[in-house]
Amino acid sequence: MMSPMPSASPSVGSFLFDYLYRQGIHHAFGIPGDFALPTFRWLQQSAIHLLTLTHEPSVGFAADGYARVHGMGLACVTYCVGGLNMLNSIACAYAEKSPVIVVSGAPSPADRKHDPLLHHKVRTFDTQRRIYEEVTCATAVLLDPQTAADEIIRVVTEVRAQRRPGYIEVPYDIVDLPVGRPTRRPQIVAESDPANLAAAVDEAATALARARRPVIVADIELHRHGLTDLALAIAKKFNVPIAATLLSKSLIGETNPLYIGVYSGGLSEPVCQKYVESSDCVILLGAFLSDVFMGMKTAHLDRRKTILANTEKLHVGLHSYENVLLKDFLQGLRRRTIRRKSFRNRYQRATLAPLKDSERGRALDSESFFRILGLTMADQATVVCDVGDAMIGAIGLRTTQRNDFLADAYYLSMGFAVPAAIGAMAATPRGRVYIIVGDGAFQMTGMELSTCAKYDLHPIVCILNNDGYGTQRHIIDGPFNDIRRWKYGKVCELLDYGHSIQIATLGELEIALTSAAAEQRMTVIDVLLPRDDSSRPLKRMAQALAEQRDGQRRR
Ligand SMILES: Cc1ncc(C[n+]2csc(CCOP(=O)(O)OP(=O)(O)O)c2C)c(N)n1
Ligand SMILES: [Mg+2]
């Protein structure tokens, strides 16, 4: 087995995975390779539970899904062929602030001196690390076991602080050597400027006190930095309604009496859009002001009536404040005394209409898919959505728990949902996980259902089969949006695991989803949809964009 340890100190590999376990990482996702095998042996011997998948893009998405639910994720791969294959997924985690530690196997220090044409090398031995520098907040190559512990702690500390991925490259021979003792505890001490903080809180509190219809838009940074409860406390104290974004959907429970739905410009549910856009004080907390958030430029927000506080910026109306930490700002605001606002929640009064008998034989469309999903969803369910109408249609879906909706709603990489759901299932073994995925996205990473079979996982997978890249057909259509039509209802036969079925009517879908929720097995539903169909939010956005274009043409 393992090479004997010449001293009492643990090996680099043992230290690495024990340290990550103590940081709260209990599952890892990976695919080994020769440069990474010694590292995988230490991982397998550690307390961390390893799941191996079929392709590296999925490894990254699975670790990201786990991080979004559990707090921090771990993806282990081999040098270049594995690491570079996973780059897009880690770019997604970087863009959406999901803290994933990447551990990559690598050539030894001696190889780097004597073997310039080593397999898997691209340009220089440092190529992979340099590429990863663009998508991580810290990188380390553990060339020296004496400093390895310090390097590992440095990367993980930075990942904790920034909630972005970090990169640790482990040469295959160094991993077995005794690790040097850590020499220091890096601490990232950030403090607000007291005068700026006081002025910002004063101005924000005055704006909030004056406002008749304030609203909070709570975005994903609150969750990533553990500030959701603080934002919720402010909302409760002053009776201010809260909207989420597509990225932060379910950040606060969607049945919370203060919750008014997902805001995303013209993609929003109308009640929510109207409330936010007619508000005289929109408080954007932890917000990414992405174009998706702005409903692809269909949002109408007036900067003068907006407070924007995230980890990088603080604007109150047209004033900006430097060196004010989001946490301090929120705490300052919560301590203020402001009269409670009056607010009646119209959003929570809307309920889904149950299926009528006369509807059961009707052919499915995207809108009725999301309605029936909402009507039949298991308690304590997590929903993971892929790009396309699978994500946009889910805007109106009402989930019940906090943080039970995952989607890469800013970076928008296809292929996220199936592997990210594997990460989410590892993080929350109780409760069902629904995967909502377009046929195009399923063809990218759907083979990870094999990983579900391998580890006996039971997702309910709905493949929205509209015969191709439907979302893109609305922009420019052509044969490039066509894909091969698979018999998705036969997927489970191929895997010899779970149950798959093709569904064409509302009634069939209701039965299939109800029994899927009741049975503990993987269910794959091929949801047949018309080729030119789209959900109500997507139609709303298309209409808003068309109106904008008409307006521009008239000008
Ligand atoms: C990895 C990746 N490649 C390409 C795209 C561009 N893209 C955006 S939506 C889309 C079509 C998605 O098709 P499907 O999954 O079937 O969902 P639908 O649009 O039909 O609802 C494509 C190709 C992307 N977002 N991500
Ligand atoms: Mg499609």
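The values are calculated or read from the model by the stated rules, or taken from the named source; none is laboratory data. Treat the numbers as computed from the prediction; the structure is a model and nothing was measured. In this analysis, Cβ positions are derived from the backbone assuming ideal geometry, glycine residues included, and neighbour counts consider all displayed protein chains. To get the accessible areas, we keep the full protein, side chains included, count just its heavy atoms, and leave off ligands, DNA and RNA. Shrake-Rupley method; radii C 1.70, N 1.55, O 1.52, S 1.80 Å.
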### Pair list, Cβ < 6 Å and 6+ apart or interchain, from the range 463-480 residues that are more than 6 Å from ligand 1 (Cβ to nearest atom) to residues that are modelled with pLDDT under 95 and in a helix (DSSP H, G or I)
H474/A542
### Summary
For the range 365-391, pairs from a residue that is free of Cβ contacts under 8 Å to residues at least 40 places away in the same chain to a residue that is not hydroxyl-bearing (S, T, Y), with Cβ under 7 Å and 6 or more apart or across chains, are R371/L352; G374/L352; G374/L397; G374/R398
## Note on the structure
Within the range 363-406, residues being within 16 Å of ligand 2 (Cβ to nearest atom) and either open to solvent by less than 10 Å² (accessible area, probe 1.4 Å) or of a type in the set (A, V, I, L, M) (or both) number 11
### Query
Applying the selection to the range 310-337, what residues are at pLDDT 95 or above and of a type in the set (V, I, T)?
V316, V324, T337
### Task
Only residues that are among the basic types (K, R) and in contact with a strand residue (DSSP E or B) (Cβ under 8 Å, 6 or more places away or on another chain): list them for the range 316-345, please.
K341
### Selected residue [more than 12 Å from ligand 1 (Cβ to nearest atom) and farther than 29 Å from V271 by Cβ] from T445, T523
T523
### Query
What is the one condition in (1) farther than 25 Å from L406 by Cα; (2) among the aliphatic types (A, V, I, L, M); (3) in contact with a strand residue (DSSP E or B) (Cβ under 8 Å, 6 or more places away or on another chain) that A75 does not satisfy?
(1)
### Task
Tell me, please, whether a residue that is in contact with a strand residue (DSSP E or B) (Cβ under 7 Å, 6 or more places away or on another chain), at pLDDT 95 or above, open to solvent by 60 Å² or more (accessible area, probe 1.4 Å) and not in a helix (DSSP H, G or I) can be found in the range 12-27.
yes
### Message
For the condition open to solvent by 50 Å² or more (accessible area, probe 1.4 Å) and within 15 Å of ligand 2 (Cβ to nearest atom), what is the one hit in D439, D456, D477, D467?
### Response
D477
### Sole exception among (1) open to solvent by 40 Å² or more (accessible area, probe 1.4 Å); (2) assigned to a strand (DSSP E or B) for I168, by number
(1)
